[in-house]
Amino acid sequence: MALDTYRRKRDFRRTPEPDGGTVEQAGGLYVIQKHAARRLHYDLRLELDGTLKSWAVPKGPSLDPAEKRLAVHVEDHPIEYGSFEGDIPKGEYGAGHVIVWDHGRWAPIGEPDGGYAKGKVKFTLYGEKLRGGWTLARMGGRAGEGGKNWLLLKERDAEARDASDGDILVERPDSVQAVDRTPLPAQMEPQLATLADRPPESDDWLHEIKWDGYRALCRIENGRVQCFSRSGQDWTRQFAPVAKALAAMPVQSAWVDGEVVVLGPDGRTSFEGLQEALHDGRGDMRYMAFDLLHHDGVDLRPLPLEQRKARLSALVRRMPEGAVHFSDHVVGRGAAFLEHAAGLGLEGVLSKQRTAPHRAGRHADWLKIRCHQGQEVVIGGFTDPAGSRSGLGALLVGVHETDGTLAYAGRVGTGFSDALLRTLRKQLEAIARKTSPFAPFPDVPPRTHWVEPRLVAVVRFTNWTRDLRMRHPTFEGMREDKPAKEVVREQPKKAAAAERPRRAADTETVLGVRLTHPDRALWPEIGLTKLELARFYESISDWILPHVADRPLSLVRGPRGHTGTTFFQKHRMEGMPDVIGTIRVDDEEHLRIDSTAGLVALVQIDVLEIHAWGARADMVEKPDRVVLDLDPAEDVPWEMVVTAARAVRLRLEHLDLDCFVKTTGGKGLHVVVPLQRRHDWKQVKAFAHAVASDLARRVPDSFTVNAAKAARPGKIYLDYLRNTRGATAVAAYSTRARAGAPVSTPLTWDELSVDVGSAHWTVRNLPARLAGLRSDPWKAMATTRQSITAAVRRELRLRA
């Protein structure tokens with residue numbers, strides 16, 4: 001088997017690395033992991049034939065085509081390894097710290113299997129740090145090396161650069177998955193599922209068993225465990241066996257989400273058994289853990305669910321066998337999973353979007369689908385027993401309507417044991433009242449006893465009647481972890497387009513462009529869909545087209561939204577809409593658009609960011625603008641960025657050059673200098689470099705032209721390399737692949753202030769801004785006629 005060597009080298013009871021038990025085809029995955037083992041090295045991995053083909057690169061990759069880097073072929077790794085970060089314990093194979101240094105997609109040039117077998121693989125990378133053409137070539141080597149030694153080489157293209165221009169390993173040493181360290185929160189609010197009529201069918205979703213128990217969010221800190229109910233009550237004492245077991249989880253701190261259950265003799269969860277365990281200590285409590293929200297100082301909630309679950313699985317696997325279990329899942333084929341669950345007599349299934357971040361509250365990216373009808377109800381009264389029955393006859397129950405009133409939902413008279421009937425009678429008599437809590441007054445038997453609507457029960461039934469009563473209800477148990485005021489009538493929602501099985505009809509047409517899966521959430525944290533993004537670009541096309549039309553483009557694509565894997569693309573691929581055109585540069589077909597329909601077509605292929613050349617298609621060797629990117633370090637306040645941009649403007653005005661400003665949609669600003677098309681790329685890059693260096697000399701406390709992070713604390717990096725031939729900058733009015741769907745937005749210099757941050761304008765609020773403007777903030781750019789004059793060159797000491 002392909003992973004036998006990988007598994008044989010590792011003890012998965014000790015190492016947090018994935019065991020490869022659930023290998024999924026990710027589709028062209030590329031990753032480089034920085035591995036601080038006995039010797040620091042970089043592991044290059046390319047997905048091929050269901051595994052990650054792997055090479056250890058001792059010196060790491062280089063962007064200089066003259067640098068040939070040794071790459072030692074090692075064992076295949078599982079697909080899941082592509083997101084692995086953490087510490088491999090001492091004594092284990094490869095002991096040391098691992099981070100994901102870069103990731104994205106790779107596209108082979110030619111037939112990959114044949115090239116791999118022959119020892120030469122040419123490919124294009126679409127990563128966050130590495131892009132463009134690369135080659136892996138096997139060396140002849142000495143006898144006994146077994147063909148393990150390869151060379152990794154960068155191709156000469158627009159992404160290449162001379163070693164003297166800097167080392168990418170030094171400039172960007174950190175993880176692309178890095179999350180800021182945060183203290184362990186005292187409380188966590190759970191994410192809740194929306195009731196649906198059927199599970200989604202697409203591979204965008206994973207499916208878990210819906211456990212019949214009590215939700216518990218558990219906080220672990222230095223071996224001390226607290227368990228909280230869904231409503232935030234401290235239930236550590238009630239869940240004592242679970243708390244004791246979780247203390248053995250190999251973490252310093254964590255928040256774990258799961259369900260406390262008791263298993264019956266048939267192996268299924270027993271809600272009645274759980275209640276007995278809670279009240280008298282009988283039963284064997286288990287904790288079915290399904291999410292990891294915080295781990296050793298890292299807030300994991302922004303990460304995709306599938307990554308959070310992979311980390312949780314690795315932790316549970318290293319624990320002693322006992323009360324804590326990992327709630328596993330399957331990907332896709334929701335209907336078959338539900339059918340199987342029903343055949344086993346289970347309560348239902350939970351369907352969750354694989355790439356969605358954690359969002360507190362009830363959202364449609366978590367769905368619950370029951371194998372039978374069920375409802376939580378509020379007890380509002382009861383009847384006396386008849387015949388030989390003791391305790392009570394039936395419970396009168398209801399659910400809250402949207403106006404807060406308690407609507408009568410019927411009588412529940414079956415499903416009780418004699419002991420439970422007597423216990424319930426005592427509980428209900430303790431909260432007796434004289435009047436009905438239901439509105440309107442229900443049609444009930446005489447001598448009904450009314451109670452305060454405080455207690456919650458769980459009922460199974462066949463269906464709702466026309467007058468909204470439950471047909472054939474059966475008592476399942478009491479629900480002590482949910483406040484009565486939260487109980488409402490649950491009606492399964494019809495599966496929305498984003499939740500339905502994929503089919504040909506699941507489309508929308510915008511400006512003649514067919515959008516598939518229009519309700520797929522590209523920014524799931526705000527529910528922003530493909531269709532909404534297409535409508536956004538349609539509405540602002542007059543504003544954005546002057547900055548993207550007829551220019552070579554590089555696109556950031558995210559088929560699973562901005563929280564999933566994203567990658568750059570600049571060449572046409574098979575299957576793209578015909579309205580996306582090309583322009584030939586250096587014998588390569590670069591992408592271009594020239595219409596509003598082209599913008600919509602970019603949305604169809606899940607484009608989240610549009611990056612454009614600083615030149616137009618008819619004269620690609622003569623740039624028409626210079627972009628100075630003000631990229632602040634993390635500790636730089638926004639006020640300093642605003643002041644710095646004004647300093648850049650002032651320096652350019654001294655050179656008799658007009659300039660314009662825009663937010664990047666991230667954390668910085670772009671200052672843009674329009675130019676007449678008289679200068680080539682070498683001249684424009686030299687000018688940008690000279691301006692940046694001049695500012696760094698004049699204001700060294702604010703600016704630096706050193707890209708290394710060690711040189712940047714407290715400063716703003718003036719990135720002039722956006723003006724290299726083949727380089728791009730995010731286009732004006734393009735969205736960004738960041739939380740909240742921010743947009744890179746042109747401003748007037750008067751609008752630039754400390755009150756409007758770089759990510760202030762978004763897909764949701766920008767159209768209103770544009771509708772209220774009297775004129776384009778960059779209107780003067782189209783009529784500005786200026787160039788890099790001899791006087792400018794003398795001032796900056798540039799050669800002619």
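Values for this structure:
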| item | result |
| --- | --- |
| Answer from Arg557, Arg584 - the residue that is free of Cβ contacts under 8 Å to residues at least 40 places away in the same chain, of a type in the set (Lys, Arg) and either over 27 Å from Leu773 (Cβ atoms) or open to solvent by less than 20 Å² (accessible area, probe 1.4 Å) (or both) | Arg584 |
| Odd one out for Thr529 among (1) at pLDDT 90 or above; (2) in contact with a Gly (Cβ under 8 Å, 6 or more places away or on another chain); (3) open to solvent by 20 Å² or more (accessible area, probe 1.4 Å); (4) of a type outside the set (Phe, Trp, Tyr) | (2) |
| Test: Asp403 is part of a loop (DSSP other than H, G, I, E, B), farther than 27 Å from Glu347 by Cα, modelled with pLDDT under 85 and open to solvent by 60 Å² or more (accessible area, probe 1.4 Å) | yes |
| Some residue of the stretch 533-543 being of a type in the set (Asp, Glu), in a helix (DSSP H, G or I) and open to solvent by 40 Å² or more (accessible area, probe 1.4 Å) | yes |
| Candidates Pro546, Pro501, Pro483, filtered to the one that is of a type outside the set (Lys, Arg), at pLDDT 90 or above and surrounded by fewer than 19 Cβ atoms within 10 Å (Cβ to Cβ) | Pro546 |
| Gly115 vs. criteria outside any strand (DSSP E or B) and open to solvent by less than 20 Å² (accessible area, probe 1.4 Å) | yes |
| Per-region count, the stretch 761-781, residues open to solvent by 80 Å² or more (accessible area, probe 1.4 Å) and in contact (Cβ under 8 Å) with a residue 24 or more places away in the chain | 1 |
| Residue, least open to solvent (accessible area, probe 1.4 Å), within the stretch 283-310, restricted to residues that are at pLDDT below 90 and touching a Gly at 6+ places or on another chain (Cβ under 8 Å) | Pro304 |
| Subset of the stretch 305-345 [over 18 Å from the mean Cα position of the chain (by Cα), of a type in the set (Gly, Ala, Ser) and in a helix (DSSP H, G or I)] | Ser313, Ala314, Gly334, Ala335, Ala336, Ala341, Ala342, Gly343 |
| The lone exception for Arg215 - which of (1) surrounded by fewer than 21 Cβ atoms within 10 Å (Cβ to Cβ); (2) under 21 Å from the mean Cα position of the chain (by Cα); (3) outside any loop (DSSP other than H, G, I, E, B) it fails | (2) |
| Among the candidates Pro16, Pro61, residue that is touching a residue at least 40 places away in the same chain (Cβ under 8 Å) and more than 20 Å from Leu151 (Cβ to Cβ) | Pro16 |
| Given (1) closer than 19 Å to Trp211 by Cβ; (2) crowded, with 17+ Cβ neighbours inside 10 Å, index of the condition His340 fails | (2) |
| Candidates Ala644, Ala615 - the one that is more than 29 Å from Gly133 (Cα to Cα), open to solvent by less than 10 Å² (accessible area, probe 1.4 Å) and either out of contact with any Gly (no Cβ under 9 Å at 6 or more places or on another chain) or in a strand (DSSP E or B) (or both) | Ala644 |
| The stretch 412-443: number of residues that are under 20 Å from Leu468 (Cβ atoms) and out of contact with any strand residue (DSSP E or B) (no Cβ under 6 Å at 6 or more places or on another chain) | 5 |
| Cross-chain or 6+ apart pairs with Cβ under 6 Å, the stretch 146-173 first and touching a residue at least 12 places away in the same chain (Cβ under 8 Å), then surrounded by 15 or more Cβ atoms within 10 Å (Cβ to Cβ) and polar (S, T, N, Q) | Leu153/Thr135 |
| Among (1) more than 30 Å from the chain's Cα centre (by Cα); (2) part of a loop (DSSP other than H, G, I, E, B); (3) of a type outside the set (D, E, K, R) - the single one Pro183 does not satisfy | (1) |
| Residues that are at pLDDT 85 or above and charged (D, E, K, R), drawn from the stretch 101-133 | Asp102, Arg105, Lys118, Lys120, Lys122, Lys129, Arg131 |
| Subset tally (residues that are modelled with pLDDT of 90 or more and open to solvent by less than 40 Å² (accessible area, probe 1.4 Å)) for the stretch 230-243 | 5 |
| So Thr728, is it polar (S, T, N, Q) and within 31 Å of the chain's Cα centre (by Cα) | yes |
| Matching residues in the stretch 85-112 - criterion: being aliphatic (A, V, I, L, M), under 19 Å from Leu153 (Cβ atoms) and either part of a loop (DSSP other than H, G, I, E, B) or open to solvent by less than 20 Å² (accessible area, probe 1.4 Å) (or both) | Ile109 |
| Residues satisfying the stated conditions in the stretch 243-266, i.e. touching a Ser or Thr at 6+ places or on another chain (Cβ under 9 Å) and either in contact (Cβ under 8 Å) with a residue 40 or more places away in the chain or assigned to a strand (DSSP E or B) (or both) | Gly258, Glu259, Val261, Val262, Leu263 |
| Of all residues making up the stretch 65-83, the number that are out of contact with any strand residue (DSSP E or B) (no Cβ under 6 Å at 6 or more places or on another chain), of a type in the set (D, E, K, R) and open to solvent by less than 40 Å² (accessible area, probe 1.4 Å) | 1 |
| Filtered residues of the stretch 41-69 (kept if under 17 Å from Phe123 (Cβ atoms) and charged (D, E, K, R)) | Asp43, Arg45, Glu47, Asp49, Lys53, Lys68, Arg69 |
| Ala495 outside any strand (DSSP E or B), open to solvent by less than 40 Å² (accessible area, probe 1.4 Å) and at pLDDT below 80 | yes |
| Filtered residues of the stretch 593-611 (kept if open to solvent by 10 Å² or more (accessible area, probe 1.4 Å) and either part of a helix (DSSP H, G or I) or hydrophobic (A, V, I, L, M, F, W, C) (or both)) | Thr596, Ala597, Gln604, Ile605 |
| Answer from Arg39, Arg13 - the residue that is open to solvent by 60 Å² or more (accessible area, probe 1.4 Å) and closer than 25 Å to His329 by Cα | Arg13 |
| Single residue of Thr435, Thr474 found to be touching a residue at least 12 places away in the same chain (Cβ under 8 Å), β-branched (Val, Ile, Thr), farther than 19 Å from Glu272 by Cα and open to solvent by 20 Å² or more (accessible area, probe 1.4 Å) | Thr435 |
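The rows are residues; the columns are (1) crowded, with 20+ Cβ neighbours inside 10 Å; (2) touching a residue at least 12 places away in the same chain (Cβ under 8 Å).
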position	(1), (2)
Arg389	no, yes
Tyr408	yes, yes
Arg411	yes, yes
Val444	no, yes
Asp467	no, no
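The values are calculated or read from the model by the stated rules, or taken from the named source; none is laboratory data. All of these numbers come straight from a predicted model, not from anything done at the bench. Quick reminder, even Gly has a Cβ in these numbers, built from the backbone with ideal geometry, and neighbours come from all protein chains shown. Each accessible area value is taken on the protein alone, full model and side chains, heavy atoms only, with ligands, DNA and RNA left out. Shrake-Rupley method; radii C 1.70, N 1.55, O 1.52, S 1.80 Å.
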